[in-house]
Amino acid sequence: MIKALVIGFVLDFLIGDPTFLPHPVRLVGKWISFLEGRLLNLEDSPRWQRRKGALLVFLVLLLFGLGTEALLRLASSRSPVVLLMTRSILTAYCLAARDLERAASKVRRALERRNLQEARESVSMIVGRDTDRLNEEEVCKAAVESVAESSCDGVIAPLFYLAIGGPLLGMLYKCANTMDSMIGYRNDRYRYFGEAAARLDDVLNFIPARLSAALMIAASFLLRLDARNAFRIYRRDHDKHASPNSAHTESVVAGALRLQLAGDAWYFGKKVRKPTIGDAGKEAEPEDIKKACRIMYVAAGLGLVLLVGLRVLLF
């Protein structure tokens, strides 16, 4: 399992997700959309919406849990080499560091060319907020925030669960995280139906979010960024978010880059008031996106070493 974890990590770092191949997470998304279309009825009572949302969570985890286990058993019946290859590929699919860096870099390059419309369109692919009102600095901050938050649920958290339970647990985590990103919103449509998905994601990210923050502070130190300020802002602002986990990594990056992140944002045409994270002063610039990606990569490398070491010692 350790070999597959390391190989999968390297595959993601070098290649990312090939666009010409079907990605399991896209299949998860299609299954979620299919079930939502048949289960969600806004005329149902809140109680029934919650129950149907919980049923969706169960069916998604059941299908992809059984599917992953069947694939691993089939690979095991072939040969140890085929099993290792299958585990490694599934591991790589569970990680999103390279794709996150590519998406963030598209935003950075558009900003460097002063093409605000392209930057807005690019950042809309990695954030959940409305982007058509954002100015250049707000686009830059949105990209930095996305890298910071996704460093946990796109990289460190999957690594954590892959180290514990291999590709099966890693894939179940990705299912939970995808459900949260699709139906875990606290808006009129998903307030009750998406509650089970949102709570499951909160529980699964509780430990990884705090681990990610520690790794990113260490990464800030190794990159000669302001690690002391990262720790200070983390201690002060780590709970300034509706989610119990999201502000942990955002506060570290805000402190390391000396930026003020978060604050009010528009979602589905409605303004949502949110507290700021970090201290005001320095204006965000495209180079900050690159620095946030570096923090993510170094933290991921540190996380891999730590988790592999713990796996060797404890299992």
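The values are calculated or read from the model by the stated rules, or taken from the named source; none is laboratory data. The model shown is predicted, which means the values in this text are computed figures rather than measured ones. Here the Cβ positions follow ideal geometry from the backbone for every residue, glycine too, while neighbour counts run over all protein chains shown. Ligands, DNA and RNA are stripped out before the accessible areas are found, and what is left, the full protein with its side chains, is counted by its heavy atoms. Shrake-Rupley method; radii C 1.70, N 1.55, O 1.52, S 1.80 Å.
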**OP:** Pop a pseudo-label 7 angstrom from the Cα along the beta-carbon direction at both VAL6 and GLU121 and give the gap in nm to one decimal.
**Re:** 4.3
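Assuming 0.36 nm per residue, please report the length gained on full extension of the stretch ARG199 to ASN187 beyond their Cα-Cα distance.
Working: separation 12, 0.36 × 12 = 4.32 nm, distance 1.49 nm.
Fully extending the segment from ARG199 to ASN187 adds 2.8 nm.
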Original post:
Under a straight-distance cross-link criterion of Cα-Cα below 23 Å, which lysines are reachable from LYS291, leaving out those fewer than 8 residues away in the same chain?
Top reply: LYS106, LYS141, LYS240, LYS282
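Take the Cα gyration tensor of segment 205-270, multiply each eigenvalue by 5, square-root it, and list the three semi-axes largest first, rounded to whole angstrom.
On the way: eigenvalues 95, 40, 16 Å².
Its equivalent ellipsoid spans semi-axes of 22, 14, 9 Å.
Excluding ASN229 itself, what net charge comes from residues whose Cβ is under 12 Å from its Cβ, given Lys and Arg +1 and Asp and Glu -1?
Details: positive: ARG228, ARG232, ARG235, ARG236, ARG258, LYS282; negative: ASP226, ASP237, ASP279.
Charge balance in the 12 Å sphere: +3.
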Original post:
If amide H atoms are built 1.01 Å from N in the plane of the peptide, which residues on other chains or at least 5 residues away come under 5 Å of the amide H of ASP17?
Top reply: ASP99
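Assuming R0 = 45 Å, can you tell me the calculated FRET efficiency for the pair LYS271 and ARG311, based on Cβ-Cβ distance, to the nearest 0.05? Please list the in-between numbers first.
Working: r = 46 Å, r/R0 = 1.01.
For LYS271 and ARG311, the calculated efficiency is 0.50.
In the neighborhood of ARG191, defined by Cβ-to-Cβ distances under 15 Å, what is the net charge if each Lys or Arg adds +1 and each Asp or Glu adds -1? Write down the numbers at each step before the final one.
Working: positive: ARG47, ARG50, ARG51, LYS52, ARG186, ARG189, ARG199, LYS270; negative: GLU36, GLU43, ASP44, ASP180, ASP188, GLU195.
Once positives and negatives cancel, what remains is +2.
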Subject >> Size of segment 20-177 as Cα extents on the principal axes (Å, biggest first) >> reply: 55, 49, 27
Original post:
In nm, to one decimal, how far is the SER45 label point from the PHE206 one, both placed 7 Å along Cα→Cβ?
Top reply: 3.0
Subject >> Charge sum, other residues only, whose C-beta stays under 9 Å from MET1's C-beta, Lys/Arg counted +1 and Asp/Glu -1 >> reply: +3
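If r is the Cβ-Cβ distance from ARG228 to GLU287 and R0 is 22 Å, what FRET efficiency results, to the nearest 0.05?
Details: r = 21 Å, r/R0 = 0.94.
For R0 = 22 Å, the calculated efficiency reads 0.60.
Determine the gain in length on full extension of the stretch ARG113-LEU84; use 0.36 nm per residue of separation and subtract their C-alpha separation, reporting nm with one decimal.
Working: separation 29, 0.36 × 29 = 10.44 nm, distance 4.37 nm.
Length gained, ARG113 through LEU84: 6.1 nm.
Compactness ratio of segment 1-70: Cα Rg over 2.2 N^0.38 Å, N = residue count?
Rounded to two decimals, the normalised Rg is 1.52.
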Subject >> Accessible area (Å², per residue) of segment 219-276, counting only protein heavy atoms and a probe of 1.4 Å >> reply: 54
**OP:** Highest first, please rank the peptides 179-192, 41-54 by the mean number of other Cβ atoms sitting within 10 Å of their residues.
**Re:** 179-192, 41-54
Original post:
Of all accessible surface on segment 135-184 at a 1.4 Å probe, what whole percent is carbon and sulfur?
Top reply: 52
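Whole number please: convex hull volume per residue of the Cα set in the chain, in Å³?
137
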Original post:
Separation of segment 253-315 and segment 190-213 by C-alpha centroid, Å?
Top reply: 17
